[in-house]
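The values are calculated or read from the model by the stated rules, or taken from the named source; none is laboratory data. Computed from a predicted structure; not experimentally measured. Note that we place each Cβ from the backbone using ideal geometry, even for glycine, and neighbour counts take in every protein chain shown. Accessible surface is based on the protein model in full, side chains and every heavy atom, while ligands, DNA and RNA are left aside. Shrake-Rupley method; radii C 1.70, N 1.55, O 1.52, S 1.80 Å.
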Amino acid sequence: TIEQCMAKDVETIDGNMNVFDAANKFLNAKRRRFPIIEDGKLIGQISQKDILKAAIQLKGQNWK
């Protein structure tokens, strides 16, 4: 069954985590994506690319 193939203890990212803490989590875990959990519910996923885009956007705002 699919249940037998699924991971049970999945690392997640809280939807309220800031970009830099999330980037650090990606570096330490060496994963490409994390599920995002808010109030115990899955609301989406975030990728390394999403974090990189957000960091570049923040850098641009700070340089104006």
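Summary of values
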quantity	calculated
Residues of the range 24-42 that turn out to be of a type in the set (A, V, I, L, M) and either open to solvent by 100 Å² or more (accessible area, probe 1.4 Å) or over 14 Å from V10 (Cβ atoms) (or both), as a count	2
Long-range neighbours under 9 Å by Cβ, at least six apart or interchain, first residue within 13 Å of L52 (Cα to Cα) within the range 7-35, second hydroxyl-bearing (S, T, Y)	F26/S47; R32/S47; R33/S47
Criterion violated by V19 - all others in (1) in contact with a helix residue (DSSP H, G or I) (Cβ under 7 Å, 6 or more places away or on another chain); (2) open to solvent by 100 Å² or more (accessible area, probe 1.4 Å) satisfied	(2)
Wholly within the chain, helices (runs of 4 or more DSSP H) carrying at least 1 residues that are at pLDDT below 90	2-5, 48-62
